[in-house]
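Asker: Before I ask anything, let me first share the structure, which is written out below as structure tokens.
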Amino acid sequence: MDCEHARSLLLEADLPELLGESDSELVRHLRTCAGCRRAADRIRQAERGLAAWISRAAPRTDESLAVAGAAAAARRRSVGHRHAAAGGVAAAAALAGLLLLSHRSGPPGEAVTAPAARIAVGFSVTAPPGREMIVLHTANPKIVVVWYLPSRRSS
Amino acid sequence: MSESSSLEEAATHLVPRATRGDAGALDQLLRSCRPLVYRWALVQTGDAADAEDVTQEVLIKLHRSLHRFAGRSRFTTWLYRVTRNEALGLARRLAGRLRLARAVTREAMVSPGTSDDPLERFHAARVAALADTLLTRLPRRQREVFHLADLEGCSMAEIAERLGMSPVTARVHLLHARRTLRSQILDRWPELARQED
């Protein structure tokens, strides 16, 4: 094997070959050629340096701050998720109500059509001027759908 | 023992306790994961600031989704994938945006150091240039495979599992990466090569 071929093989060689610890054609050449052996050493030394450089790379943020920050962010996102989920259920219920209303003569469940209504203990809703509203109680006692519509009396 | 192996061993004890709600175990697990996750993210993103962002997101994910780790694969394999997905997501979000700070952070990151010894500075400069090539010139998959194989000492089978590719494909990426980096090592100081020949 000539040095040019050996240099080409060095570019892809595994560590045992660079260390001369296998019995390949390249290793046999390295045993007899000081120049190529030095080239192999240079590769190993540079890659060791690169490994050391990578292992020293560390985040700049303080560890305790980062870990505490992650915990706080995880809690915030969990709360956000629950709110989003509740909002989604309410929106789905409203949509279902609208779809059913468009196909049936009367709304499902217990519905009230009036300018104002008490929809829960201690909580009432008044429709804006010139409008009525439909209050749709869903199976979930925590979710009530309120739908404003033009007043029949005003039209 | 490689850093991955140490983390794997620590995770064996910490993950079950953390998933049962032991806050101390979760805290310790996060601290143990953080340096390695950062280095993976650094290689995946090629940027120190992005790597910090990815690392923090991974810690949050660990906090919220550790229960999703079913133990079917090694913990480090699962964690590597979480980190990789986060890095890819960040890359998509940043696509097309100008990041003026990027060049500055990279320059600081691969600075050759300030040693008084000229030989040490010379070696540090060579390593810094090599690190710059690794992080900025190599395609992402080549970076990842080279880092895992030649710097972390992972097996081809393990790398293939982490990256979702065949061991043969992983090997091809590794050889491409080595060729680029080693060509630089041998070409950058031709005067030394001539002296030695």
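The values are calculated or read from the model by the stated rules, or taken from the named source; none is laboratory data. From a predicted model like this one, the values you see are computed outputs, not experimental measurements. Positions of Cβ are backbone-derived with ideal geometry, glycine not excepted, and every protein chain shown enters the neighbour counts.
Asker: On the given criteria, is B:Glu52 modelled with pLDDT of 90 or more, crowded, with 21+ Cβ neighbours inside 10 Å, assigned to a helix (DSSP H, G or I) and not assigned by TED's automatic domain parsing to the domain that holds B:Phe146?
Answerer: Criteria not met by B:Glu52.
Asker: Which residues, taken from region B:1-44, are of a type in the set (Val, Ile, Thr) and away from chain A (no Cβ under 12 Å)?
Answerer: B:Thr12, B:Val15, B:Thr19
Asker: Right, here's the next one. Filtering region A:59-71 down to residues that are in contact with a helix residue (DSSP H, G or I) (Cβ under 8 Å, 6 or more places away or on another chain) and in a loop (DSSP other than H, G, I, E, B), which residue is farthest from B:Leu29 (Cα to Cα)?
Answerer: In this case the residue turns out to be A:Arg60.
Asker: Same structure, new question: Working only within region A:17-28, note down all residues that are loosely packed, with under 14 Cβ neighbours inside 10 Å and at pLDDT below 90.
Answerer: Those that are loosely packed, with under 14 Cβ neighbours inside 10 Å and at pLDDT below 90: A:Glu21, A:Asp23.
Asker: Also, quick follow-up: Condition first: among the polar types (S, T, N, Q), over 40 Å from the mean Cα position of the chain (by Cα) and either within 10 Å of chain B (Cβ to nearest Cβ) or part of a helix (DSSP H, G or I) (or both). Now tell me which residues in region A:1-58 satisfy that.
Answerer: Those that are among the polar types (S, T, N, Q), over 40 Å from the mean Cα position of the chain (by Cα) and either within 10 Å of chain B (Cβ to nearest Cβ) or part of a helix (DSSP H, G or I) (or both): A:Ser8, A:Thr32, A:Gln45.
Asker: Can I ask one more? Of everything in region B:112-151, what is in a loop (DSSP other than H, G, I, E, B), touching a Lys or Arg at 6+ places or on another chain (Cβ under 9 Å) and surrounded by 14 or more Cβ atoms within 10 Å (Cβ to Cβ)? Give them in sequence order.
Answerer: B:Pro112
Asker: Please go through region B:155-185 and pick out each residue that is outside any helix (DSSP H, G or I) and within 13 Å of chain A (Cβ to nearest Cβ).
Answerer: Hit for region B:155-185 is B:Ser155, nothing else.
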